[in-house]
Amino acid sequence: DGGITQSPKYLFRKEGQNVTLSCEQNLNHDAMYWYRQDPGQGLRLIYYSQIVNDFQKGDIAEGYSVSREKKESFPLTVTSAQKNPTAFYLCASNQGAGELFFGEGSRLTVL
Amino acid sequence: AQSVTQLDSQVPVFEEAPVELRCNYSSSVSVYLFWYVQYPNQGLQLLLKYLSGSTLVKGINGFEAEFNKSQTSFHLRKPSVHISDTAEYFCAVRASYNNNDMRFGAGTRLTVKP
């Protein structure tokens with residue numbers, strides 16, 4: 001079945017460490033996205049990529065970085081510069097005007 | 001830019017009762033509208049979408065929504081809810097010309113009680 005796979009599902013990080021969240025899709029979608037979800041705030045866009053080797057900042061890109069070396073993969077790195085990284089992170093993809101398809105999410109907790 | 005306001009953060013309702021989750025949007029251009037559902041610690045799943053055509057849209061799990069352009073609303077309804085409908089519901093809007101800028105509301109927590 002086609003879909004989006006995020007890993008790990010749960011991740012714990014010490015302050016000052018970088019962590020990378022994986023997102024892989026087999027839907028053959030051109031566009032991929034990373035959202036951050038905090039309680040009571042809905043989803044906020046971190047980065048998105050419309051094609052391989054190209055990506056754009058969303059509303060809250062500071063402290064995050066991404067790469068898009070392959071169509072299927074869009075990893076997100078949460079750097080030590082992110083002041084409040086504890087959150088639920090969601091990866092999504094779409095094709096053209098279609099709706100977003102979401103992965104199951106990764107919950108990051110900073111200890 | 002587009003924005004979405006979900007008017008209720010929490011909606012408690014008894015099983016088999018009808019429910020309406022309210023969503024208003026703001027935009028100066030034509031829009032596409034979506035409702036998603038999220039169960040605990042999971043991703044979002046599409047319930048229904050309005051792109052064009054009939055303003056009454058039917059989705060999965062017995063949900064429907066009506067696009068009202070004059071009132072800039074896209075309320076979600078279900079005539080009879082089940083315990084399994086307990087979840088977080090998100091309304092989202094996107095300009096029809098921009099595939100990449102989807103804006104989400106803050107969510108409505110629907111709790112169905114026996």
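What follows is calculated from the coordinates using simple rules that are stated; it is not laboratory data. Quick caveat: nothing in here was measured; it's all calculated off a predicted structure. Positions of Cβ are backbone-derived with ideal geometry, glycine not excepted, and every protein chain shown enters the neighbour counts.
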Legend entry - A:Glu62 paired with A:Thr109, simple spin-label distance in nm, labels 7 Å along Cα-to-beta-carbon: 2.7 nm
Inset, instruction - Using only the alpha carbons, work out the radius of gyration and Dmax of the protein assembly as shown in angstrom. - result: 17.6, 52
Inset, instruction - Run down the lysines and flag those whose C-alpha is under 19 Å from the C-alpha of A:Lys14, throwing out any fewer than 8 positions away in its chain. - result: A:Lys83
Inset, instruction - May I ask you to list the GluC sites (Glu not before Pro) in segment B:1-103 that are in a DSSP loop and have at most 13 other Cβ atoms within 10 Å of their Cβ? - result: B:Glu16
Inset, instruction - Please list, in chain and number order, the residues 5+ apart from B:Thr86 or on another chain whose amide H is under 5 Å from its amide H, with Hs placed from the backbone. - result: B:Val112
Inset, instruction - Would you mind counting up the charge near A:Glu24? Only other residues with Cβ under 11 Å from its Cβ, with Lys and Arg at +1 and Asp and Glu at -1. - result: +1
Inset, instruction - Enumerate the calculated ³J(HN,Hα) couplings along segment A:95-100 in order (Karplus 6.51 cos²θ - 1.76 cosθ + 1.60, θ = phi - 60°), each rounded to whole Hz, writing x wherever the residue is Gly or Pro. - result: 10, x, 8, x, 6, 7
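Just how large is the dipole of chain A about the Cα centre, in debye to the nearest 20, putting +1 at every Lys and Arg Cβ and -1 at every Asp and Glu Cβ?
The dipole of chain A has a size of about 380 debye.
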Legend entry - Calculated FRET efficiency for the pair B:Thr5/A:Phe12, C-beta based, R₀ 41 Å, to 0.05: 0.75
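How high is the relative contact order of chain B? Use alpha-carbon pairs under 8 Å, at least six apart in sequence, and give a whole percent.
37 percent
Within chain A, what is the longest stretch that has no GluC sites (Glu not before Pro) placed in a DSSP loop and near at most 11 other beta-carbon atoms within 10 Å?
A:16-61
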Inset, instruction - Taking the Cα centre of chain B as origin, sum charge times position over the Cβ atoms of Lys and Arg (+1) and Asp and Glu (-1), and report the length of that vector in debye to the nearest 20. - result: 240 debye
Inset, instruction - Positive end of the charge dipole of chain B (Lys, Arg +1 and Asp, Glu -1 on Cβ, about the Cα centre): tell me which of B:Asn24, B:Asn41, B:Leu76 has its Cα farthest that way. - result: B:Asn24
Legend entry - Sites matching trypsin sites (Lys or Arg not before Pro) across segment B:9-96 that sit in DSSP coil, with at most 12 neighbouring C-beta atoms within 10 Å: B:Lys69
Legend entry - Value in Å of the Kirkwood radius, where chain B supplies the Cα pairs that are averaged: 14.1 Å
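For chain A, what is Rg from Cα atoms divided by 2.2 N^0.38 Å, rounded to two decimals?
Taking N as the residue count of chain A, the ratio is 0.99.
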